[in-house]
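Only one structure is covered here, and it is reproduced in the block below.
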Amino acid sequence: MKVVPSRSNEWVRSVTPPKPASAIIEIDRVSQVFQTSARKHHLALSEISLTIEEGAFVSILGPSGCGKSTLLYIVGGFVSPTSGAARIKGQAITRPGPDRGPVFQEFALFPWKTVLGNVMYGPLQQGVRASEADAQSRALIEMVGLKGYENFYPKELSGGMKQRVALARTLAYHPEVLLMDEPFGALDAHTRTRLQNDLLNIWERDRKTVLFVTHSVDEAVFLSDKVVMMSKSPGRIRQVIDIDLPRPRRRNELLLDPRYQKYVVDIERMFDESDKAGSPS
Amino acid sequence: MMSPATLTRRIAPALACVGLLMVWQVASLALKNDSFPTAIEAIRAIPDILGDKESLINILASLRRMAIGFGVAVLFSIPLGLLMGRSRAVAAFFNPLLMIIYPVPKAALMPIIMLWLGVGDVTKTLVIFLGVSLPVIYHSFEGAKAVEEKMLWSGAAMGLSPLQRLVRIVLPAALPEILTGCRTGLVLALITMITSEMIARQSGAGNILFNALDMGQYDTVFAMIIIVGAMGICLDALFDQVRARLVRWSEPQFDMPLSFS
Ligand SMILES: Nc1ncnc2c1ncn2[C@@H]1O[C@H](COP(=O)(O)OP(=O)(O)OP(=O)(O)O)[C@@H](O)[C@H]1O
Ligand SMILES: [Mg+2]
């Protein structure tokens, strides 16, 4: 059932210096300008370039309004950039596709479908047989900890449960890249921690590429291989930090690990400095 | 065993009807006017109408026109409203047209339509169609406009084409709003049905009513008003049953309490 990604673009890589893993997403000098009124323009993203390796967990961290969501929407193909280009496996991204699965902060579940109906939607659309889609979806629902809720409607679920359904719904159609926009931002601290652990477990099992937008420094360091720090007005990449911490990561071990603590403190300090240096917008 | 709240809710409509009839009875007795029969006189005239084959055929002919006018209007208006809600170009084209038609009483167009299409079924059905279309278009439009964009994006990521998104995401997501429009449309269908038969007298429930009025048979007039009213209540209740079943997923679960004291 699972599609094996094609490697037909390997020759492109061979020209550039060898890398440990092949790039799956390339963001190439992407800028985004929004027209805010008849005369005014707003530069939301300025010349963003970023390469994401296959199987990497990459977080985008930055203040509110720095263009994190916009960048994610461009990779998703939901928004086309004003200039520059995003590519997946060497192909220009022009529209959404099942190779990139979004998980939105607003959940965006289909309210007229039950939990099971939501999760089955993608596989059915992809032509998976109903009995098979049903079995796979039930397994996914169990994996995200919602066994017993298959026939509930979204309005009957809490925020944390909806977020789990949204994750399961996207995982169900096996996207190669997960695009997650502050998926845990609206949740209470306890639920948030649990979902972070669950996401990490799922990810460490099948190693999908994840592009993960967040406000939270802890969350970014805990989950990621790489943290992309952005700054605001215009949205730019400030710094890209490799998080060199062992996996599988366990929360209780990591929180005591001085290396983890140093990453968190360093990143927070860098944001503080830019706040002081930055002129009011 | 029914809770007191459920019981009250169940019998409330019956209480309202009985109350109305009582007020009518008292008012009629007090006024002593020939053209205002008592409720009991009017109710007594109902079996005569419903027992008469000619009248029954008339009423059924009305209902048939209404069903066709309503059905065609819904089938036409929902797709149009949804398209308008999702495409600015389509909305920009149709909005001015609808704004022109909106304030015109549809029955006022009847004399003109009669000149073109005669006084038969086509004219009356067309007027019903016009009466029903606008609220259904309007509510479908508003419903489609309000569909959360991220929901459409999720569908696009799963590989749904634009048409599939319209049918399989916009339509169900806007359904509660669409059905609100259809409910208004149903009432308007009944109203335009009667007015069309008032203008083009030939057959129908409206014809019985206005003929009786001409001949001074006031108990028949009021009996017909009761019959038409009852038809309205029944259709509306039936429709609400269907609606509630279709959009159970969106209904609030609890009554809104007026106070928490
Ligand atoms: N459709 C739009 N039209 C006009 N301006 C927009 C639009 N979308 C985003 N913007 C602007 O672009 C900037 C970046 O928005 P974006 O939503 O990407 O920020 P963000 O980093 O995701 O913020 P947050 O952390 O609050 O979600 C903001 O200043 C926002 O006002
Ligand atoms: Mg955002």
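The values are calculated or read from the model by the stated rules, or taken from the named source; none is laboratory data. Quick caveat, the model's predicted, so the values are computed rather than measured. Neighbour counts run over all protein chains shown; Cβ positions are idealised from the backbone, glycine included. Surface areas here come from the heavy atoms of the whole protein model, side chains and all, with no ligands, DNA or RNA. Shrake-Rupley method; radii C 1.70, N 1.55, O 1.52, S 1.80 Å.
Observations
- Charge dipole magnitude, Cβ of K and R +1, D and E -1 - chain A, Cα centre, debye nearest 20: 420
- Solvent-accessible area buried by A and B, counting both chains, probe 1.4 angstrom, square angstrom: 2000
- Dipole-positive endmost among A:T193, A:P183, A:S83 within the protein assembly as shown (Cβ charges, Cα centre): A:S83
- For the stretch B:38-247, with +1 on Lys and Arg beta carbons and -1 on Asp and Glu, the positive-most of B:P47, B:M158, B:S62 along the dipole: B:M158
- Environment charge at B:G69 (Cβ cut-off 11 Å; Lys +1, Arg +1, Asp -1, Glu -1): +3
- Ligands, DNA and RNA are left out, and with a 1.4 angstrom probe the accessible area of the protein assembly as shown is 52 Å² per residue.
- Cα gyration tensor category, rounded, prolate or oblate, for the stretch B:1-146 with a/c compared to 1.5: oblate
- Between the C-alpha center of the stretch B:200-214 and that of the stretch B:123-195 there is a gap of 34 Å.
- Accessible surface ranking that places the most exposed of B:R248, A:R164, A:R236 first, with a 1.4 angstrom probe: B:R248, A:R236, A:R164
- Choice from B:L171, B:L186, B:L75 with maximal GNM fluctuation in chain B (Cα, 10 Å cutoff): B:L75
- Of all beta bridges that DSSP places with both ends in chain A, some 55 percent have antiparallel geometry.
- Sequence-distant residues sharing a close amide H with A:T51 (under 5 Å, placed H): A:I27
- For B:C182, net neighbour charge (Lys/Arg +1, Asp/Glu -1) across residues whose Cβ lies under 15 Å away: -1
- Distance from the stretch A:46-65 to the stretch B:1-67 (C-alpha centre basis), Å: 70
- These residues, B:L188, A:L199, B:L50, go from largest to smallest accessible area, 1.4 Å probe, as B:L50, B:L188, A:L199.
- Only protein heavy atoms count here; under a 1.4 Å probe, B:K145 has an accessible surface of about 110 Å².
- If you sort B:C17, A:C66 by accessible surface, 1.4 Å probe, largest first, the order is B:C17, A:C66.
- The stretch A:216-245 and the stretch A:190-204: distance between their alpha carbon centers, rounded to Å: 19
- Antiparallel DSSP beta bridges within the protein assembly as shown, as percent of all bridges there, nearest 5: 55
- Pairs exceeding a 26 Å alpha-carbon distance, out of A:K162/B:K150; A:K89/B:K145; A:K113/A:K147; A:K232/A:K262: A:K89/B:K145.
- Computed accessible area, A:K147, all protein chains, 1.4 angstrom probe, square angstrom: 130
- Percent RCO, i.e. relative contact order, over chain A, from Cα pairs under 8 Å lying at least 6 residues apart: 23
- Percentage relative contact order, the stretch B:38-247, counting C-alpha pairs under 8 Å, at least six apart: 30
- Peptide-level mean, for A:104-112, of C-beta atoms on other protein chains within 10 Å: 6
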